[in-house]
Amino acid sequence: MKLHANGRVHLVDGDAKGIIPGVTVYTGGKHTFESQYVGVKTRVGTMVIASDNMYPLREPREARPDRGDS
């Protein structure tokens with residue numbers, strides 16, 4: 001991954017990892033295996049950003065929409 005090699009993207013390995021103060025990433029295991037979601041502390045509590053758009057590094061290589069195996 002060129003962006004990672006250039007230091008522009010930092011991969012997060014593991015569960016419940018704080019990446020900056022107030023932002024923690026978690027590994028999901030129910031809806032999409034090993035997808036990540038993000039917890040963000042706000043003034044009103046912790047908000048969760050959950051999306052199928054954050055995959056582990058191997059996912060984009062193995063499941064490509066153009067092959068019909070996403």
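No value in this document is a laboratory result; all are computed from the given coordinates. If you're wondering where the values come from, they're calculated on a predicted model, not measured in any experiment. When we count neighbours, we look across all protein chains shown, and the Cβ atoms used for this are built from the backbone with ideal geometry, even at glycine.
Taking 0.36 nm per residue of sequence separation and removing the Cα-Cα distance, the residue 12/residue 47 pair yields an extension gain of 10.7 nm.
Counting Lys and Arg as +1 and Asp and Glu as -1 over every other residue whose Cβ lies under 14 Å from the Cβ of residue 39, the net charge comes to +1. Our estimate of slack between residue 34 and residue 20, defined as 0.36 nm per intervening residue step minus the Cα-Cα distance, is 2.9 nm.
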